[in-house]
Amino acid sequence: MSTVQSTGAVAGYRPERTLRLSVELRRQFKRRRTIGVFALMVALPLLLIAALQLGASEDAQSNSRLNLVDVATSSGLNFTLFVLFATTSFFLVVVYALFFGDTVASEAQWGSLRYALATPVPRMRLLRQKWLAALVMSVAALLTVTVVAVVAGGIAFGFEDIQTPIGITIGQGDGLLRLAGMVGYLAVHLLVVGTLAFWLSTVTDAPLAAVGGSVFTMFVFAILDQVEQLGSVRDYFPTAEEFAWTDLLQTPVDSGDLYRGVIQSLLYAAVFTALAFRHFARRDVTS
Amino acid sequence: MRPTRGLVRPSPRPGARATVAALTTALLSAALLAVPFAGTATAADDVTTEDATVPSGTGADAVELDTTVYVPSSATAQDPAPAVVLAHGFGGSKDSVAGDAQDLAARGYVVLAYSARGFGDSTGQIGLDDPDFEVADVSTLLDVLAERDDVLLDGPGDPRVGLSGVSYGGAVSLLGAAYDDRVDAIAPRITWNSLTSALFPSQAGAVDGNTVAATPATGDAGVFKRLWSGLFFGAGSVPTGDGLLASLTGGATAEGGAASLPQIDPSTLDSAAVEQALTCGRFRADVCAAYQSAAASGTLTPEIAAILDRSSPAGVLDRITAPTLLVQGTQDSLFGLGQADANARGIAANGTPVSVVWYDGGHDESASEGTTEDLRELVAGWFDFHLRGQGEDPGTGFSYPVPTGVGAAVGSVQGGSQTEEAAAYPGIGDAQPAERVSVPLSGTVFPVVTPPGGNPAAITTVPGLGAVTAALGGTTVEIPGQFAAFDSAPLDAATDVVGASTVTLAVSSPTGTATLFAKLYDVAADGSQTLPSGLVAPLALTGLSTDPTAPTEVEVTLPGIVHRFETGHVMRVLVSSTDQAFAAPAEAGVYTVALADGAALAAPTVDGAVVGESSSSRWWVLLGVLAGLGVLGVVVARLWGARRRRQLSVVEPDGEDVPLRFEGVTKSYKDGFTAVRGLSFEVRRGQVLGLLGPNGAGKTTSLRMLMGLIRPTEGTISVFGHPASPGAPVLSRLGSFVEGTGLQPHLSGRDNLELYWAATGRPAEDAHLDEAIAIAGLGTALDKRVRSYSQGMRQRVAIAQAMLGLPDLLVLDEPTNGLDPPQIHAMREVLQDYAKTGRTVIVSSHLLAEIEQTCSHVVVMAKGQKVAEGTVEEIIGTGGAVLVVLDDPADTDRAVEVLGVLPGTSVERSDEGLVLELGGTSRAAAVTALVGAGIGVDQVTPRRRLEDAFLSLVGESS
């Protein structure tokens, strides 16, 4: 028979040591899905570089609209901005939804959730660790795509200053700093879709429902955002200010929208996270 | 060409900023589940409107003014309120200012909006803010206000009143304050100082002032601003009175009234009157004649100048004593920043308080809704302090949009607009004179051709659209050979230009006169050039040297702008001979244009601070709040954990002997289904307990409750004396395998076991991994992916996982499903040996043989209830029957006789053999009797085994 602590736990069991972040990350990184996402994150910038190199010629000049594609090839940092711009409204949303939405629901689907809970990993701790692991992976994915874009873009298009569409240049050091700010903003703003997926993940046992549900919700709001008649109601959408990070290209930077975006994202994230914890704490785990 | 997605994102909608505060509050309150999105509620007074027609003027010039008075409910005879007169822009009517009027009235002012004579439903003719007519009308309106009992009076017939208006209405505000000293505060917006300088500009010559946007006034000659003038007069001469350009009225839409041509009596038809009506519309004859002359000749005559000067505040600024808020736009090619600058200098010279505000907008581009809202606040704040003595002193500061390197309207692409503020407008009153940065320029002597007829002409500005750079997305059009360009070196540091730069040129002309257009371009490193705000400084030069080798030096003031020249960009002063928007001389000629010796660009700068520089501090505040919330969260979690530990400290004393106790446990679901009802039993240490029942008996539900996955509706479950709540630490003594293996299919069996143990956070040596692996007995298959396993292999890995760490209580649900007979046998031995170490095993099954052969004790469940409990022998032993199979079936009859005589027995025949109810007789006695009678016995097996017991107990045997 085992030695027992006063709490009734077996000697060697400490709630705060259960499901450590390193263990959860190890569990996640043993999954092909995780490796796949990261491989995609590396591949995407390379793919875009190839595409830009191939079609560099005719169309770019005749387009008089201001856009980031026109200046995408002027430097590695420019290319990175273009990659971020291209991925903000879909690709990164899916990545966040995947990492956050899959985390609890997939355990429920495998049936391993009940063994983790009977270990016992306290429910709130399980959720917290899952949340943190999802955040670490999502941010790591975001950083991967950014770093690959900076490095590969730099090699392909030169380590030069940022050239904004309106002909202003931003020095490399300053540019990197701003890029860090943009990635930081995106990391926070995407928490909205992430935490929504996380909440759904605690509600359903089907990972697809959690991931798909949150992505679908974001798309619905993105479409509604096009409806001018809704007026300022749209400012409260979870998708609001998703491109506010482009404000960091201004000189001087006007951080008003960024600030609003951060606050609103954090509020949404807090609400969804609270809903997730509330639901999970009361839930009967029957899967 | 495929459309590509550009960097175009929706600009912030109005109110977006205002709600940030509300959002922040919501975050602080951390009311996470019910976030109050506070609306932007304005404590709006109920406002009633009174329409009236006010007669003004005498004789032939008597008119009826169409007015509306907006009365807030707070203004009463007992508590009179200050009044504000709102004048509309050119081409508008009283309806154009309805929005502003409602807003001010809601703030508690009695607001009088009126249509100026010649506009809207007012009668009369347009005199261009003539002091004898339009300005006198203002005095009439003040008289009207003085008679209202809900308007605050400073004295008999002297109401407390402010004037405000945009453009045409702004000028009448200034003139009204100059001519009527009852006016207590004014807030004119985007208006003129001198119509002469505005319509016939010439920005050459010395400037009288040290202000940032000081611009020379037109002397004898100016360059006719033909496009704008045409629009300006066109708006007044069309019969409907509709604004041709909404921008003329400051962006408001003018509702076309039923205005019509001046009534002409056919009986007195006079050809002059008809012509006047058709060509001049509602303009007064003298104004009309002046315009026609100017449009035809493009030159400024003394007659025209006289009419325009009469309508200009420039000459009467010294009479203005009412505190003045001057609002001017940076996107304004009609009334530039220089006009407000001249007003500020003139009014401040009297010691009158003046505050200057530049905003991103003007006649070329209406301001964003956010900016419009900000301006309303500013004007209301000005009146609040100067008319009511309420609110903060708005002071005599100067604010302007933060300079950006973005050309004209392109700025909206990136959204956001910030404002910078300085304590005072440089160069007026006691304020320091404007600071100027000297930027050296270089360039040779350029011959500049002026083409015959002034065509082709450079295109820079389109009235109402501003810079064509913005409108067309291209660069401005400069005609080769028609310009001189002087460049600075690429800038080492970004240079903000706030105001009008000056430069000295050396010009010669064969005729002694020249018409030139000076511009300040921003040239990017790639050579693309942007004309900030699309503004041009026309120069009407006279008395020039005709000798190109000895040119005349001319001091030139470039357009007033707010612009940042980025690092690496070049500042280019470009002087051209033509511009589409202005009249140019018809004769061809060649001028020479060069920089004067040692000339440099003197660019004004203002040392302002960005408003709401909280922009960086508020991020710290946010960070602080988040950190605070984080700390709070940790503290709460600690306290909650401590409380939880206290709750868990209640332990039943016999816990170690009773590893599991169910007491009256019921589980009902919301839909009314009751899975387990009043279940009570105990498991003692060292037992192998079987939980037996058909599918749906509530076995798995009970095990889930025991694992803390489901909460019981009633009753308690204790594990080793501790309540088995979700996540209870005592569950760490439990090993379980319940319904499904829970293995991760993409991992190998070994990885599954190792990761499972790692997740428990317990020391690796406690795992007894090798023993568990031995139990799984998978051999090399352990390192293959679980995906490739058979059901039995998965089952064994899952059981091995349950046994990791050798738990004191092992719970297995249907453990032998999918195992082959030898494995089942081995499993039984493993479980029985396990119990012999003093640990306890619970096995659930719907297979009777399984329970009978594995378990020492059994709890029988059916339909959520316990139907029997005891040792396996007790359950089996109640009543005894044996099946007797004889060697030779022919002996059956004899055997029945032999057995029939034994005490208490009864015999029945069956297909399998004889079923003997033993009664009091032992099996041995029965067999002895048979053998004694010479009957060969093949088998004697217990007949009434658990299966019968089970079926009879659960009531399904009958």
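The values are calculated or read from the model by the stated rules, or taken from the named source; none is laboratory data. All values derive from a computational prediction rather than experimental measurement. Reconstructed Cβ throughout: ideal geometry from the backbone, glycine too, with neighbour counts over all protein chains shown.
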>> Here is a list: B:Asp79, B:Asp66, B:Asp61, B:Asp45. Which entry is out of contact with any Lys or Arg (no Cβ under 7 Å at 6 or more places or on another chain), within 18 Å of B:Ala113 (Cβ to Cβ) and modelled with pLDDT of 50 or more?
In response: B:Asp45
> Give me the pairs: first residue in segment B:557-582 and basic (Lys, Arg), second residue part of a loop (DSSP other than H, G, I, E, B) and surrounded by fewer than 23 Cβ atoms within 10 Å (Cβ to Cβ), beta-carbon distance under 7 Å, and six or more apart or on different chains, which are they?
Replying inline: B:Arg564/A:Thr251; B:Arg564/B:Ala494
>> Between a residue in segment A:19-35 that is surrounded by fewer than 13 Cβ atoms within 10 Å (Cβ to Cβ) and any residue that is not in a helix (DSSP H, G or I), which pairs come within a Cβ distance under 9 Å, given they are 6 or more apart or on different chains?
In response: A:Arg32/B:His746
> Out of curiosity, is B:Asp154 in the same structural domain as B:Leu334 (by TED's automatic domain parsing), assigned to a strand (DSSP E or B) and surrounded by fewer than 24 Cβ atoms within 10 Å (Cβ to Cβ)?
Replying inline: yes
> For residues in segment B:99-141 being in contact with a Ser or Thr (Cβ under 7 Å, 6 or more places away or on another chain) and among the aromatic types (Phe, Trp, Tyr), which is modelled with the highest pLDDT?
Replying inline: B:Tyr114
>> Just the residues that are without any contact (Cβ under 8 Å) to a residue 60 or more places away in the chain, within 9 Å of another protein chain (Cβ to nearest Cβ) and in contact with a Ser or Thr (Cβ under 8 Å, 6 or more places away or on another chain), please, taken from segment B:706-729.
In response: B:Gly708, B:Leu709, B:Ile710, B:Arg711
>> Being more than 19 Å from B:Ala594 (Cβ to Cβ), modelled with pLDDT of 85 or more and among the aliphatic types (A, V, I, L, M) is true for just one of B:Ala470, B:Ala514, B:Ala500, B:Ala537. Which residue is that?
In response: B:Ala500
>> For the list (1) surrounded by fewer than 17 Cβ atoms within 10 Å (Cβ to Cβ); (2) within 14 Å of another protein chain (Cβ to nearest Cβ); (3) among the charged types (D, E, K, R), I need the number of the one condition that B:Asp607 fails.
In response: (2)
> Looking at segment B:53-66, which of the residues that are crowded, with 23+ Cβ neighbours inside 10 Å and closer than 17 Å to B:Pro159 by Cβ is farthest from the chain's Cα centre (by Cα)?
Replying inline: B:Ser56
> Can you tell me which of B:Asp79, B:Asp95, B:Asp103 is surrounded by fewer than 16 Cβ atoms within 10 Å (Cβ to Cβ), charged (D, E, K, R) and over 18 Å from B:Gly176 (Cβ atoms)?
Replying inline: B:Asp79
> Under the condition of being at pLDDT 90 or above and more than 7 Å from every other protein chain (Cβ to nearest Cβ), which residue from segment B:730-740 is nearest to A:Thr18 (Cα to Cα)?
Replying inline: B:Gly735
>> If I filter segment A:1-25 down to residues being more than 7 Å from every other protein chain (Cβ to nearest Cβ) and assigned to a helix (DSSP H, G or I), which single residue comes out as nearest to A:Val95 (Cα to Cα)?
In response: A:Leu25
> Inside segment B:772-877, counting only strands (runs of 3 or more DSSP E) that do not spill past its ends, which hold 3 or more residues that are surrounded by 21 or more Cβ atoms within 10 Å (Cβ to Cβ)?
Replying inline: B:809-813, B:840-845, B:857-862
>> Being among the acidic types (Asp, Glu) and surrounded by fewer than 24 Cβ atoms within 10 Å (Cβ to Cβ) is the filter here; which residues of segment B:291-347 pass it?
In response: B:Glu303, B:Asp309, B:Asp318
> Which of the residues belonging to segment A:93-120 are facing chain B (nearest Cβ under 7 Å) and either outside any helix (DSSP H, G or I) or in contact (Cβ under 8 Å) with a residue 60 or more places away in the chain (or both)?
Replying inline: A:Gly111, A:Arg114, A:Ala116, A:Leu117, A:Thr119, A:Pro120
> Going through segment A:178-230 one residue at a time, which ones are among the polar types (S, T, N, Q) and in a loop (DSSP other than H, G, I, E, B)?
Replying inline: A:Thr204, A:Gln226
> Does segment B:758-767 contain at least one residue that is more than 7 Å from chain A (Cβ to nearest Cβ), over 16 Å from A:Leu19 (Cα atoms) and either surrounded by 24 or more Cβ atoms within 10 Å (Cβ to Cβ) or touching a residue at least 12 places away in the same chain (Cβ under 8 Å) (or both)?
Replying inline: no
> If A:Ser74 passes every condition in (1) at pLDDT below 85; (2) farther than 30 Å from B:Asp808 by Cα; (3) at the interface with chain B (Cβ under 7 Å from one of its Cβ atoms) but one, which one does it miss?
Replying inline: (3)
> Does at least one position in segment A:244-255 carry a residue that is surrounded by 24 or more Cβ atoms within 10 Å (Cβ to Cβ) and more than 7 Å from chain B (Cβ to nearest Cβ)?
Replying inline: yes
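This table checks each residue for (1) at pLDDT below 90; (2) of a type outside the set (Asp, Glu).
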| site | (1), (2) |
| --- | --- |
| A:Ser6 | yes, yes |
| A:Gly12 | yes, yes |
| A:Glu16 | yes, no |
| A:Arg20 | no, yes |
| A:Val23 | no, yes |
| A:Leu40 | no, yes |
> Regarding B:Val872, is this residue at pLDDT 80 or above and touching a helix residue (DSSP H, G or I) at 6+ places or on another chain (Cβ under 7 Å)?
Replying inline: yes
> Hey, B:Ala581 hits all of (1) of a type outside the set (Val, Ile, Thr); (2) on the phi < 0 side of the Ramachandran plot; (3) under 39 Å from the mean Cα position of the chain (by Cα) but one; which does it fall short on?
Replying inline: (3)
> Mind checking whether some residue in segment B:366-379 is touching a Lys or Arg at 6+ places or on another chain (Cβ under 8 Å), within 30 Å of A:Asp235 (Cα to Cα) and among the small types (Gly, Ala, Ser)?
Replying inline: yes
